[in-house]
1. So P71 fits all but one of (1) buried (at least 16 other Cβ atoms within 10 Å of the Cβ); (2) more than 16 Å from F37 (Cα to Cα); what number is the exception?
2. Among the residues of segment 122-153, count how many are farther than 17 Å from L87 by Cβ and either surrounded by 17 or more Cβ atoms within 10 Å (Cβ to Cβ) or among the hydrophobic types (A, V, I, L, M, F, W, C) (or both).
3. Anything in segment 54-68 that is open to solvent by less than 90 Å² (accessible area, probe 1.4 Å) and not in a helix (DSSP H, G or I)? List them, or say none.
4. Give the residues of segment 77-128 that are among the polar types (S, T, N, Q) and part of a helix (DSSP H, G or I), sorted by residue number.
5. Looking at segment 104-147 only, could you name the residues that are of a type in the set (S, T, N, Q) and either on the phi > 0 side of the Ramachandran plot or touching a Lys or Arg at 6+ places or on another chain (Cβ under 7 Å) (or both)?
6. For the list (1) modelled with pLDDT of 80 or more; (2) under 30 Å from L126 (Cβ atoms), I need the number of the one condition that L25 fails.
Amino acid sequence: MQREIGGRMGYVLFYQFGNFLAHPLSIFAVWEGGMSFHGGFLGVLAAAWLWARQRKFGFFQVMDVVAPCVPTGLAAGRLGNFINGELWGRPTDVPWAMVFPQVDQVPRHPSQIYQFLGEGVFLFLLLWLFARKPRATGQISGLFLAGYGAQRF
């Protein structure tokens, strides 16, 4: 729930702030779309911090457990982007290029699939293998942040 609230608030603040100032009740019109990874990430961090604080765990202890699970959610999101024809890549002539008819008739990189493989499958496997051995607190979540940042770059 915190992720969804954070995702919606991130969308409102980062992408449509002027529109929401003019029509404040449209913030609740989630059926019209509009979620933000940035806001969802902040919502998860806030929820994890509150949960850790209430149960007297260290924040990074909790994040080290949560981090290896995140790539599966990222992968599902990228598959959704592919199915919806969102976040298409640059024009190209590679053999696996795809045409996204809602954009134009130009063959493009299927960047959603690249991200699915990189920040979903590869990052999940990397974290799963790394987390199999005991690690110092913060190392697993740190590897997630470094790996995700590298994939996005």
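The values are calculated or read from the model by the stated rules, or taken from the named source; none is laboratory data. This is a predicted model, so every value here is computed, not measured. FYI the Cβ positions are ideal-geometry reconstructions off the backbone, even for glycines, and counts take in every protein chain you see. In case anyone asks, the SASA skips ligands and DNA or RNA and just uses the protein heavy atoms, side chains included. Shrake-Rupley method; radii C 1.70, N 1.55, O 1.52, S 1.80 Å.
1. Of everything listed in (1) buried (at least 16 other Cβ atoms within 10 Å of the Cβ); (2) more than 16 Å from F37 (Cα to Cα), P71 misses just condition (2).
2. Here the count works out to 19.
3. G58
4. Within segment 77-128, N81, N84, S111, Q112, Q115 meet the criteria.
5. Step one: of segment 104-147, the residues of a type in the set (S, T, N, Q) are 105, 111-112, 115, 137, 139, 141.
Across segment 104-147, the qualifying residues are Q112, Q115.
6. (2)
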